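For reference, the structure discussed in these notes is given below.
The values are calculated or read from the model by the stated rules, or taken from the named source; none is laboratory data. Quick caveat: nothing in here was measured; it's all calculated off a predicted structure. Here the Cβ positions follow ideal geometry from the backbone for every residue, glycine too, while neighbour counts run over all protein chains shown. The accessibility values were calculated without ligands, DNA or RNA, using every heavy atom of the protein model including side chains. Shrake-Rupley method; radii C 1.70, N 1.55, O 1.52, S 1.80 Å.
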There are 2 protein chains.
Amino acid sequence: MQTFNVQGMSCGHCVKAITEAVQAKDPAAQVQIDLGARTVQVQSSLSVDAVLQAIKEEGYEASPA
Amino acid sequence: MQTFNVQGMSCGHCVKAITEAVQAKDPAAQVQIDLGARTVQVQSSLSVDAVLQAIKEEGYEASPA
């Protein structure tokens, strides 16, 4: 399980956009997002860098937690 | 021009969702959304009720301004 701090997530659309962006790179990825804590947890075969890139491509600032 | 007060809009995804919901009912509709002011302005052939319904179907609370 990888955990990332992500800024700018504000609503269900953001949750959906980030989840789909990660799952576009690994369809089997499990993604849990906590808007209040501003965290994204990912269980997948992807590298930390690949997940970070997917999130950033959606327009969010992200860093490993 | 109709103006609506809309609660819960928080980001560009919300802007896109509401704009597309209104334009699904009138493709020629012009939609201007001010997140800070929480307002949606619509120039279209739609009735006030039709616009309200489109916005509410996206999950937002809305009322004529």
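Figures for the structure shown
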read-out: Residue that is least open to solvent (accessible area, probe 1.4 Å), among those in the range B:51-65 that are within 15 Å of B:Arg38 (Cα to Cα) and among the small types (Gly, Ala, Ser); value: B:Ala62
read-out: Test for B:Ala21: is it touching a helix residue (DSSP H, G or I) at 6+ places or on another chain (Cβ under 6 Å), under 15 Å from A:His13 (Cβ atoms) and either more than 13 Å from chain A (Cβ to nearest Cβ) or not charged (D, E, K, R) (or both); value: yes
read-out: Some residue of the range B:2-16 being away from chain A (no Cβ under 14 Å), in contact (Cβ under 8 Å) with a residue 60 or more places away in the chain and farther than 22 Å from A:Cys11 by Cα; value: yes
read-out: Failed item in (1) within 9 Å of the chain's Cα centre (by Cα); (2) within 23 Å of A:Tyr60 (Cα to Cα), with B:Ile55 passing the rest; value: (2)
read-out: Within the range B:10-45, considering residues that are touching a strand residue (DSSP E or B) at 6+ places or on another chain (Cβ under 8 Å) and in a loop (DSSP other than H, G, I, E, B), the one most open to solvent (accessible area, probe 1.4 Å); value: B:Arg38
